[in-house]
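Let me begin by handing over the structure; questions about it come next.
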Amino acid sequence: MNKIVVFCGSSLGFNPIYKENAIELGNFFAENKISLVFGGGKVGMMGVLADTILAKNGEVIGVIPNLLQKEEVIHIGVKKMTVCKTMSERKVIMSKLVDGYITLPGGFGTLDELFEALTLSQLQIEQKPVGLLNVNGFFDAILLQLDKMVAEGYLKKVNREMLLVGTSVSELMQKMNNYKTPKIT
């Protein structure tokens with residue numbers, strides 16, 4: 001994989017473990033020459049991830065909607081920055097640029113982006129790996145909900161299995177690199 005979009009929060013959260021994992025992922029990207037595509041912000045998890053990669057001369061590509069293009073939000077250190085009109089347009093642009101998706105801790109926007117990527121895979125519009133870095137059990141409740149959706153007949157097991165979950169950067173990246181598109185029936 002050459003380019004991966006990372007969905008993550010514009011906040012750092014309260015536990016420093018999340019920031020540490022963003023740094024670890026950023027270092028992995030830089031060391032393995034994987035370009036980061038991200039939401040274009042300098043704040044929170046987004047900023048830490050971009051800063052880590054930029055510090056090692058890695059490639060960072062930002063895609064930010066015009067409404068967020070404010071001095072206190074936009075990462076001015078990112079040379080490849082696309083400004084678009086809407087959040088929806090941002091997701092389309094990101095999708096066209098990348099070979100896969102990774103989600104780190106975040107809020108509503110992060111979950112929106114994760115589930116849109118999964119939906120595109122389920123509908124076979126895309127055939128890219130979708131990964132979740134489940135550090136400190138951050139996403140445990142969501143994973144339980146997905147299992148409940150399978151048990152209750154609202155989500156096919158094969159579609160549930162499209163979400164690759166790792167508790168460490170190395171585990172998740174191994175799953176991302178070995179991903180094979182499932183046969184959806």
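Do we have GLY62 as in contact (Cβ under 8 Å) with a residue 12 or more places away in the chain, part of a strand (DSSP E or B) and at negative phi here?
Details: in contact (Cβ under 8 Å) with a residue 12 or more places away in the chain: yes; part of a strand (DSSP E or B): yes; at negative phi: yes.
So GLY62 passes the test.
Right, here's the next one. For region 68-80, what are the residues that are modelled with pLDDT of 80 or more and not in a loop (DSSP other than H, G, I, E, B)? Can you show your working first?
First, pick out the residues of region 68-80 that are modelled with pLDDT of 80 or more: 73-80.
Correct list: ILE74, LYS80.
Yes or no: LYS175 of a type outside the set (A, V, I, L, M, F, W, C), at pLDDT below 95, farther than 17 Å from GLY13 by Cβ and open to solvent by 40 Å² or more (accessible area, probe 1.4 Å)?
Details: of a type outside the set (A, V, I, L, M, F, W, C): yes; at pLDDT below 95: no; farther than 17 Å from GLY13 by Cβ: yes; open to solvent by 40 Å² or more (accessible area, probe 1.4 Å): yes.
So LYS175 does not fit the description; no.
Please go through region 113-135 and give me each residue that is exposed (fewer than 15 other Cβ atoms within 10 Å of the Cβ) and either within 16 Å of GLU171 (Cα to Cα) or not hydrophobic (A, V, I, L, M, F, W, C) (or both), ordered by number.
THR119, GLN124, GLN127
Return the residue satisfying two criteria in turn: it lies in region 136-149 and is loosely packed, with under 14 Cβ neighbours inside 10 Å and of a type in the set (A, V, I, L, M, F, W, C), and of such residues it is nearest to the chain's Cα centre (by Cα).
Here the residue is ALA141.
From the list LYS128, LYS183, which one is more than 22 Å from ILE53 (Cα to Cα), modelled with pLDDT of 95 or more and assigned to a loop (DSSP other than H, G, I, E, B)?
Working: LYS183 fails: modelled with pLDDT of 95 or more.
Matching residue, one of LYS128, LYS183: LYS128.
If you check every pair at least six apart or on different chains, which have Cβ atoms under 8 Å apart with a residue in region 26-49 that is closer than 21 Å to ASN66 by Cα first and a residue that is in a helix (DSSP H, G or I) and of a type in the set (Phe, Trp, Tyr) second?
LEU36/PHE29; MET45/TYR18
Just one of the numbered conditions (1) of a type outside the set (S, T, N, Q); (2) open to solvent by less than 50 Å² (accessible area, probe 1.4 Å); (3) modelled with pLDDT under 95; (4) farther than 23 Å from ASN136 by Cα is not true of MET1; which one?
Looking at each condition in turn, MET1 falls short on (2).
Give the residue, chosen from LYS80, LYS157, LYS85, LYS42, that is touching a His at 6+ places or on another chain (Cβ under 7 Å) and open to solvent by 30 Å² or more (accessible area, probe 1.4 Å). Talk me through it step by step, then tell me what you get.
Values: LYS80 fails: touching a His at 6+ places or on another chain (Cβ under 7 Å); LYS157 fails: touching a His at 6+ places or on another chain (Cβ under 7 Å); LYS85 fails: touching a His at 6+ places or on another chain (Cβ under 7 Å).
Result: LYS42 is the single residue among LYS80, LYS157, LYS85, LYS42 that is touching a His at 6+ places or on another chain (Cβ under 7 Å) and open to solvent by 30 Å² or more (accessible area, probe 1.4 Å).
The values are calculated or read from the model by the stated rules, or taken from the named source; none is laboratory data. Bear in mind that the values here come from a model prediction, so they are computed numbers and not experimental data. Counting neighbours? That spans all protein chains shown, and the Cβs are built from the backbone with ideal geometry, glycine included. Just so you know, the surface numbers come from the protein's heavy atoms only, side chains and all, with ligands and any DNA or RNA stripped out. Shrake-Rupley method; radii C 1.70, N 1.55, O 1.52, S 1.80 Å.
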